[in-house]
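Participant: Can you read through this structure? Questions will come right after.
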Amino acid sequence: MADVDKDILASLDTLEKEEGSLPRLLQFFRELLNIQAGMKEKVRVPRIENEEALRQRLEQGLPLLDFNHIIIDMPLFQEHFARVVSIYSKYPDLFGEIPAAVTEAGRLISGEAVIAWLTSGELPAAFSSSPALAQSVFLAVLRPWLVKYATSLASLVDQDRWRRRVCPVCGGVPDFSFLDKERGSRWLVCSRCDTEWAFQRLECPWCGCQEPGQLAYLADDQELYRVYTCQCCRKYVKTIDLRKTEQKVLLPLERLLTLDLDRQAQEKGFTAA
Ligand SMILES: [Zn+2]
Ligand SMILES: [Zn+2]
């Protein structure tokens, strides 16, 4: 199992011992992470054959991962889909009842449908009745593939040159960010593959607005967390300032430990991606 997954699971176990029990969302996340980590072990990523061609993609502003070349073992994918859906269905209090169409469609889904979703976010027709749930399920199912590819490709990214609003590996949008320990430089974290990339402090990662008067942040008392907001597009991104803590920070877990920040930002009328 990857070290970050082990660390997250250990951290959740510690939290459970300290608190007596975990909130339902974290219980769900722990179950999901367990099977995603298991699937990551099974996913095989081909060796990089032509680094120069990949660097050319970045130069052209294209993410490294060409989804037409991603290799997904469909029987493995379908089996994993069923396991992920069975975990979602244990938490109707969080997600509602899972429509039978979603479970059924996962069993029959084609490789083309998976690529269409990755490329354009377009869902197969069977999922149209519950699009938000389906987006969440799809991402949970595909995460082991995306993270595994990202791990093998991330070192090709020239962090000084990319600095775009989408992930340099998979083209996904950020859903978290951090200020690094060394210089307080800003990094965004991909919502799909967890890749981290350097980004300007004074630019909205959603709409590209660079007017200082439109960009602001809300901070907590310890200033460990910030929520960067943009008046141009009314969106926000959560941030942890790593200069303010000596603790080991697990970014994929921070997303879930900071739901209070989402509430505060949303109360002020801002929306997430
Ligand atoms: Zn990504
Ligand atoms: Zn904006």
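The values are calculated or read from the model by the stated rules, or taken from the named source; none is laboratory data. It should be emphasised that the depicted structure is a prediction, and the values quoted were computed from it without experimental measurement. Glycine also receives a Cβ, built like all others from the backbone with ideal geometry; neighbour counts cover every protein chain displayed. Accessible surface areas use protein heavy atoms only, side chains included; no ligands, DNA or RNA. Shrake-Rupley method; radii C 1.70, N 1.55, O 1.52, S 1.80 Å.
Participant: Can you give me the number of residues within the range 196-215 that are on the phi < 0 side of the Ramachandran plot and open to solvent by less than 30 Å² (accessible area, probe 1.4 Å)? Working first, answer last.
Facilitator: Here is the first cut: in the range 196-215, the ones on the phi < 0 side of the Ramachandran plot are 196-207, 209-215.
Now narrow it down to the ones that are open to solvent by less than 30 Å² (accessible area, probe 1.4 Å): 197-199, 203-205, 209.
Total satisfying the criteria: 7.
Participant: If I filter the range 225-244 down to residues being open to solvent by less than 20 Å² (accessible area, probe 1.4 Å) and in contact (Cβ under 8 Å) with a residue 60 or more places away in the chain, which single residue comes out as farthest from the chain's Cα centre (by Cα)?
Facilitator: 241
Participant: Ok, one more. Can you pull out the residues in the range 220-237 that are more than 13 Å from residue 271 (Cβ to Cβ) and in a strand (DSSP E or B)?
Facilitator: Once the filter is applied, which keeps residues that are more than 13 Å from residue 271 (Cβ to Cβ) and in a strand (DSSP E or B), the range 220-237 yields 225, 226, 228.
Participant: Sticking with this structure for a sec: For the range 192-215, how many residues meet the condition of being within 16 Å of ligand 1 (Cβ to nearest atom) and either of a type in the set (Asp, Glu) or closer than 24 Å to residue 182 by Cβ (or both)?
Facilitator: Of the residues in that region, 8 qualify.
Participant: Any residue in the range 245-273 that's buried (at least 16 other Cβ atoms within 10 Å of the Cβ): show its pairings with residues that are among the hydroxyl-bearing types (Ser, Thr, Tyr) at Cβ separation under 8 Å, as long as the two are six or more apart or on different chains.
Facilitator: 250/11; 253/11; 258/225; 261/225; 265/229; 265/236; 270/229; 270/236
Participant: Are any of the residues in the range 216-224 more than 16 Å from ligand 1 (Cβ to nearest atom), open to solvent by 10 Å² or more (accessible area, probe 1.4 Å), hydroxyl-bearing (Ser, Thr, Tyr) and more than 28 Å from residue 4 (Cα to Cα)? Full working, then the answer.
Facilitator: Step one: list which residues in the range 216-224 are more than 16 Å from ligand 1 (Cβ to nearest atom), which gives 216-224.
Adding the requirement that they be open to solvent by 10 Å² or more (accessible area, probe 1.4 Å) leaves 216-224.
With the extra rule that they be hydroxyl-bearing (Ser, Thr, Tyr), the set shrinks to 217.
Those still in the list that are more than 28 Å from residue 4 (Cα to Cα) too: 217.
Yes, the range 216-224 contains at least one residue that is more than 16 Å from ligand 1 (Cβ to nearest atom), open to solvent by 10 Å² or more (accessible area, probe 1.4 Å), hydroxyl-bearing (Ser, Thr, Tyr) and more than 28 Å from residue 4 (Cα to Cα).
Participant: List every residue pair whose Cβ atoms sit under 9 Å apart, with the two residues 6 or more apart in sequence or on different chains, where the first one lies in the range 103-128 and is free of Cβ contacts under 8 Å to residues at least 60 places away in the same chain and the second, anywhere, is open to solvent by less than 80 Å² (accessible area, probe 1.4 Å) and charged (D, E, K, R).
Facilitator: 118/192
Participant: Under the condition of being in a loop (DSSP other than H, G, I, E, B) and not aliphatic (A, V, I, L, M), which residue from the range 80-104 is least open to solvent (accessible area, probe 1.4 Å)?
Facilitator: Among those that are in a loop (DSSP other than H, G, I, E, B) and not aliphatic (A, V, I, L, M), it is 91.
Participant: Then there is this: Taking the condition over 23 Å from residue 202 (Cα atoms), not assigned by TED's automatic domain parsing to the domain that holds residue 10 and not in a helix (DSSP H, G or I), does residue 246 pass?
Facilitator: yes
Participant: Answer yes if at least one residue in the range 57-74 is buried (at least 17 other Cβ atoms within 10 Å of the Cβ) and farther than 22 Å from residue 138 by Cα, and no otherwise.
Facilitator: Yes, there is a match, as at least one residue in the range 57-74 is buried (at least 17 other Cβ atoms within 10 Å of the Cβ) and farther than 22 Å from residue 138 by Cα.
Participant: Taking the condition surrounded by fewer than 20 Cβ atoms within 10 Å (Cβ to Cβ) and in a helix (DSSP H, G or I), does residue 132 pass? Quick ask: steps written out before the conclusion?
Facilitator: Numbers: surrounded by fewer than 20 Cβ atoms within 10 Å (Cβ to Cβ): yes; in a helix (DSSP H, G or I): yes.
Yes; evaluated as a whole, the condition is true for this residue.
Participant: Can you give me the ranges of the strands (runs of 3 or more DSSP E) entirely in the range 145-208 with at least 1 residues that are without any contact (Cβ under 8 Å) to a residue 24 or more places away in the chain and closer than 30 Å to residue 41 by Cα?
Facilitator: Qualifying strands (runs of 3 or more DSSP E): 186-190.
Participant: Another question, if that's okay. For the condition at pLDDT 95 or above, within 16 Å of ligand 2 (Cβ to nearest atom) and farther than 28 Å from residue 135 by Cβ, what is the one hit in 231, 210? Let's see the steps before the verdict.
Facilitator: On the way: 231 fails: farther than 28 Å from residue 135 by Cβ.
From the options 231, 210, the qualifying one is 210.
Participant: Still on this structure, I have one more. Search the range 28-56 for residues being part of a helix (DSSP H, G or I), in contact (Cβ under 8 Å) with a residue 12 or more places away in the chain and open to solvent by 50 Å² or more (accessible area, probe 1.4 Å), and hand back the single one that is farthest from residue 149 (Cα to Cα).
Facilitator: Once the filter is applied, the top-ranked residue is 31.
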